[in-house]
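Remarks on the structure that follows.
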């Protein structure tokens, strides 16, 4: 994980406004979001292993990804680049389970914090600079 400096850090704004702006630029609400925090993620490579993540915390109200009518106000945290290295193929330790197959569809990363080449940091900074221009000062 490589932290990036950004003008967005500590910005407070309505969740829906930020979500809508970022979705127009290929960001998605990260899968690990909760009602009090989460992140907006954008993949930087075609293999979806290198990501630009913009974390946030809820400072007022509640987030709900299922409705546009929520009252959450969020504070943006420090963006960062991360890289996940996944085990390609089937795991040798896999045990077939009927119900588990419906839930455990994906393997954990072999290295959830793998080394990140400078080209990805540069690309992340370029994307972040484009995103920063979307938000008035």
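Every number here is computed from the coordinates shown, using simple stated rules; none is lab data. The structure displayed is predicted, hence computed values, not measured ones. Using ideal geometry, Cβ is built from the backbone for each residue, glycine included, and neighbour counts are taken over all protein chains shown.
Determine which residues of region 44-60 fall in the zone a paramagnetic label at residue 12 would reach in this model, i.e. backbone nitrogen under 12 Å from the point 7 Å along Cα→Cβ.
Residues 58-60 fall inside that zone.
Does region 1-70 come out rounded, prolate or oblate by the C-alpha gyration tensor, with a ≥ b ≥ c the root eigenvalues, rounded set by a/c under 1.5 and, if not, prolate when a/b is larger than b/c and oblate if not? Provide the component values of the computation, followed by the final result.
Details: a/c = 1.81, a/b = 1.42, b/c = 1.27.
Prolate, since a/c reaches 1.5 and a/b exceeds b/c.
Under the 0.36 nm per residue contour assumption, what length would be gained going from the current alpha-carbon distance of residue 134 and residue 62 to full extension?
Working: separation 72, 0.36 × 72 = 25.92 nm, distance 2.38 nm.
The residue 134-residue 62 span can extend by a further 23.5 nm.
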